[in-house]
Amino acid sequence: MKKTLIAIIATIIIIPIGFIGISKLKNQEDGIDKNMDIENIAENVNPISKENVINILKAEYGDLIHVTEDEIKTIGDKYVVDVNLENLEDEDEHSSHEHSDENNIGTHMINMYTGELIKPDQW
């Protein structure tokens with residue numbers, strides 16, 4: 001009777017432990033497959049366009065940025081651009097025309113796959 005009771009208790013304990021171990025092994029195998037799929041997908045991702053780089057800069061600094069697609073350079077997996085902002089100032093309080101200057105705010109990097117903006121003080 002004691003041997004039967006011990007066998008039943010041992011079975012009740014061993015079966016759940018076995019299921020837990022098997023499920024962990026299954027999750028590890030699935031994780032490896034998922035990582036391999038992510039690597040394959042990353043190879044097929046197209047970079048953002050230079051037009052979108054300008055849009056990212058406009059979202060950060062407003063419409064006063066003065067950057068053209070020709071000024072955007074590619075280094076590795078980043079776009080590098082020297083960003084200028086236009087300052088519109090009245091030359092004279094009574095004058096109706098405006099004077100335009102440009103202020104350079106530094107060289108910015110943008111990751112071509114994620115669109116992450118890296119400002120000059122962040123590198």
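The values are calculated or read from the model by the stated rules, or taken from the named source; none is laboratory data. What you see is a predicted model, and the numbers here were worked out from it, not measured in a lab. Ligands, DNA and RNA are excluded from the accessible area calculation, which covers all protein heavy atoms including side chains. Shrake-Rupley method; radii C 1.70, N 1.55, O 1.52, S 1.80 Å.
Determine which member of the set HIS66, HIS97 is open to solvent by 60 Å² or more (accessible area, probe 1.4 Å), of a type outside the set (D, E, K, R) and modelled with pLDDT of 85 or more. Result of the check over HIS66, HIS97: HIS66. Being of a type in the set (Ser, Thr, Tyr) and part of a helix (DSSP H, G or I) is the filter here; which residues of the range 49-63 pass it? Across the range 49-63, the qualifying residue is only TYR61.
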